[in-house]
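**Student:** Dropping a structure here in structure tokens format, bear with me for questions.
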Amino acid sequence: MKNPEPDSAVGKEFCFAKEYLHPRSEDSLQLHIWTPAKMTDEKLPVAVWIHGGGFQKGYGTEVEIDGAGFCKRGVILVSVEYRMAAFGFLCHPWLAKEQGGICGNYGIWDQIEALKWVKQYIADFGGDPDKVTIIGQSAGAMSVQILASSPLTTGLFRGAVMQSGGGYESPLTIGTVQNAAEKIGEQFVEELGVKSLKELRQIPAETLCQAADAFQMKYQGKLLFTPVVDGWLLPGTLDEIIRNNQYADIPYLVGSNADDMCTEDLAKGMEKFASKAEELGRKPVWVYRFKQVPPANQEGMYQGSYHSAELWYVFETCERGSRPFGKADYRLSKRMADCWCDFVTFGNPDPDGNRGWSAYKNEKDVFPFVEK
């Protein structure tokens, strides 16, 4: 999907700085690397960031994303670009026939290739390929859970952070099977009026993007191009994989915001994920709830602890935002960046036990992020 209009709510909140905007294109296979290393043999821990945007839009260098704060704490940040919308997730029988019965999930394959690249080359940037943690928000968090649920990613990372996406029995999870997605793809291609895969691939990128935008808006903006259960990269729904105890046994840090999408259901989904890990005897899960209310902007949009609000704090970029952030916001930002980087470094957001954040056993262990 195209970048939001500058005067729209999301445009004024996240896309007001033109220097951070990218043209949409299928040619999006890029990594952005921030490293504090002076030498290649430092073996620093690595955070790999996967952006959100409903699998339809967004990019790895949005105005609220920056690796400088992580670098101050001795952590390398790698931000991933991946194909989205129809480019990233279109399913169709033509594509399945070409690929041995499998189609879709191209954006997730991009993420896997990025992780393989990090595994092979991050040492050249002073990183340790055995100390990689994947972090994502919204669709990025759902991507993180898909990666942690796939049998094809073993050994590519040792920890995972899911911010406002994913979970267990959660409203923001993946359950669409490939066959159903192929029917959606057939309808889309029929409306395009093309008769072959060759003809489909000859459509200019911007024309295809505009058609995908219009197709989804026809269905009240429903997200029709998203990851699918293909039986290969993703062998089942995320809930099925959890119930079958088949996802990566690594430390997780998960949470949501007080005024998030599907607020209470999403928060419960995160706690259920942690509770299930405890039941299965797996490595610990730390759960948070972001309760800080950022100062209102001039337009009065995005009120409360809104979806994505924590990003300004985690990446210590409040000074870039359009809101008049105060001293309490900057203090909280430092605390959150400390916790995230400690998790990347040690697999624990409270390694010294000084913050009072315990691995999840019950709802009392949900750690509140708020500062007055």
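**Student:** Excluding same-chain residues fewer than 8 positions from K372, which lysines have a Cα within less than 26 Å of its Cα?
**Tutor:** Partners within reach: K12, K72, K268, K291, K327, K334, K364.
**Student:** Among T154, T35, what is the fewest-to-most ranking by other Cβ atoms within 10 Å? Present the calculation step by step, with values, prior to reporting the outcome.
**Tutor:** Working: T154 8, T35 21.
Going from least to most buried by this count: T154, T35.
**Student:** Tell me, what does the Kirkwood hydrodynamic radius of the chain come to in angstroms if you use every pair of distinct C-alpha atoms? Before the final figure, lay out each step's value.
**Tutor:** Working: mean 1/r = 0.0476 Å⁻¹.
The Cα-based Kirkwood calculation yields 21.0 Å.
**Student:** Under a 5 Å amide H to amide H cut-off, with H placed in plane at 1.01 Å, what residues pair with I50 once short-range neighbours are removed?
**Tutor:** Here I135, G136, Q137 satisfy the definition.
**Student:** In addition: Enumerate the amide H contacts of V229 below 5 Å, restricted to partners 5 or more residues apart or on another chain; note that Pro and chain-start residues carry no placed amide H.
**Tutor:** T176, V177, Q178
**Student:** Taking the Cβ of each residue in M261, M39, M84, M336 as the centre, tally the other Cβ atoms inside 10 Å and list the residues starting with the fewest.
**Tutor:** Numbers: M261 16, M39 7, M84 28, M336 23.
With the sparsest Cβ surroundings first, the list reads M39, M261, M336, M84.
**Student:** Shifting gears a bit: For the range 79-155, build the convex hull from the C-alpha positions and give me its volume per residue in Å³.
**Tutor:** On the way: hull volume 8.2 nm³, N = 77.
Output value, Cα hull per residue: 106 Å³.
**Student:** Still on this structure: Arranged by the count of other C-beta atoms within 10 angstrom, fewest first, what order do K57, K372, K116, K272 take? Walk me through the numbers before you get to the answer.
**Tutor:** Details: K57 20, K372 6, K116 12, K272 16.
Ascending Cβ contact count within 10 Å gives the list K372, K116, K272, K57.
**Student:** Further question: Using 7 Å Cα-to-Cβ label points, what is the K364/K183 separation (nm, one decimal)?
**Tutor:** Label at K364, label at K183, 4.9 nm between them.
**Student:** With each label point set 7 Å from Cα along the Cα-Cβ vector, what nm distance links S322 and D249?
**Tutor:** The modelled label-to-label distance comes out at 4.8 nm.
**Student:** So if each residue of separation counts as 0.36 nm, and I subtract the Cα-Cα distance between I102 and S196, what length gain in nm does that give?
**Tutor:** Values: separation 94, 0.36 × 94 = 33.84 nm, distance 1.78 nm.
Length gained, I102 through S196: 32.1 nm.
**Student:** Here's another thing I want to ask about it. Computed on alpha carbon atoms, what radius of gyration and Dmax characterise the range 168-262, expressed in Å?
**Tutor:** Gyration radius and largest Cα-Cα distance of the range 168-262: 17.2, 48 Å.
**Student:** Further question on the same structure: Calculate one ³J(HN,Hα) per residue across the range 61-72 by plugging θ = phi - 60° into the Karplus curve 6.51 cos²θ - 1.76 cosθ + 1.60, and present them in order as whole Hz with x for glycine and proline.
**Tutor:** Karplus values, whole Hz, x for Gly and Pro: 10, 4, 4, 8, 9, 7, x, 4, x, 5, 4, 4.
**Student:** Another question, then. Using a Gaussian network model of the chain with C-alpha springs under 10 Å, which one of R282, R355, R335 is most mobile by mean-square fluctuation?
**Tutor:** Judging by the Gaussian network model, the answer is R355.
**Student:** Oh, and also: Can you list the lysines whose alpha carbon sits under 29 Å from that of K198, skipping same-chain ones fewer than 8 residues off?
**Tutor:** Correct list for K198: K2, K57, K97, K183, K218, K222.
**Student:** Tell me which residues come under 5 Å, amide H to amide H, from G159 once H is placed; ignore anything under 5 positions away on its chain.
**Tutor:** Placed amide hydrogens put I134 under 5 Å from G159.
**Student:** For all pairs of alpha-carbon atoms in the range 311-358, what percent lies in each bin of width 10 Å, listed from the first bin to the last filled one?
**Tutor:** 27, 46, 23, 4
**Student:** So, in nm, how far is label K116 from label W232 when the simple model puts each one 7 Å beyond its Cα toward the Cβ?
**Tutor:** 1.3 nm
**Student:** DSSP beta bridges in the chain, what fraction antiparallel, as a percent rounded to 5? Walk me through the numbers before you get to the answer.
**Tutor:** On the way: 4 of 35 bridges.
For the chain, the DSSP antiparallel bridge percentage is about 10.
Read-outs: derived from the displayed coordinates by stated rules, not from any lab. For clarity, every value in this text was computed on a predicted model and none was experimentally measured. Don't worry about glycine lacking a Cβ; one is built from the backbone with ideal geometry, like all the others, and counts go over all protein chains shown.
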